[in-house]
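The values are calculated or read from the model by the stated rules, or taken from the named source; none is laboratory data. Since the structure is predicted, the reported quantities are computational estimates derived from the model, not experimental observations. Cβ atoms come from the backbone with ideal geometry, glycine included; neighbour counts cover every protein chain shown. The area values use the complete protein model at the heavy-atom level, side chains included, leaving out ligands, DNA and RNA. Shrake-Rupley method; radii C 1.70, N 1.55, O 1.52, S 1.80 Å.
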Amino acid sequence: MSRFLYVHFDEDVPRNVEKEYNRMLRREKYLEERDAEYLNQSADFDDVLEINPDPASIPISEFEAEEIQKHNRRLDYLPVAMQMLRADYPEGYFLIRDYYYNQDKVSMMYLASKYGMTFEAVRYRIDRAKELLKDYITMHENI
């Protein structure tokens, strides 16, 4: 461990700036010594990019890859499930459409006032519609 050398500035620099600068230098030196002592090597973001330039190229397990494919297949079936929901449960369809597919973010309170329901009723109907969508998608998956 080498000794810290205090850096002196000209008289033009205020004393408090000089003290703060040296305090920060000492802190940085302490952290580097501590990292070296405990063998904590920290990588710079640029160093990580040199090793692995594309985050999508990170290898994943077969299970994770299968789960991603399963999720994507479910998303592909979502428009069909939405049409089935529209036929079976139209009020839930319109709530889901307004809440999730709207250009602007809408609150459940806004939907409650729009459809003349209570907040709890809107939340219940959206949850029910999501359950039905999930059932439609998993039923299609099992066919």
| query | Just wondering, is there one or more residues in region 80-100 that are at negative phi, surrounded by 11 or more Cβ atoms within 10 Å (Cβ to Cβ) and modelled with pLDDT under 90? | reply | no
| task | Answer yes or no: is there a residue in region 48-61 that is open to solvent by 70 Å² or more (accessible area, probe 1.4 Å), modelled with pLDDT of 90 or more, of a type outside the set (Lys, Arg) and not in a loop (DSSP other than H, G, I, E, B). | result | no
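Any chance region 118-127 includes a residue that's under 24 Å from GLN69 (Cβ atoms) and within 26 Å of the chain's Cα centre (by Cα)? Steps first, answer last, please.
Taking region 118-127 first, the residues under 24 Å from GLN69 (Cβ atoms) are none.
Among the residues of region 118-127, not one is under 24 Å from GLN69 (Cβ atoms) and within 26 Å of the chain's Cα centre (by Cα), which makes the answer no.
For region 94-117, give me each residue that is over 27 Å from the mean Cα position of the chain (by Cα) and of a type in the set (Phe, Trp, Tyr).
Within region 94-117, the first condition is being over 27 Å from the mean Cα position of the chain (by Cα), and the residues that meet it are 94, 112-117.
Residues satisfying the conditions are PHE94, TYR115.
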| message | Among the residues that make up region 2-18, is at least one of them open to solvent by 90 Å² or more (accessible area, probe 1.4 Å), modelled with pLDDT of 90 or more and not in a loop (DSSP other than H, G, I, E, B)? | response | yes
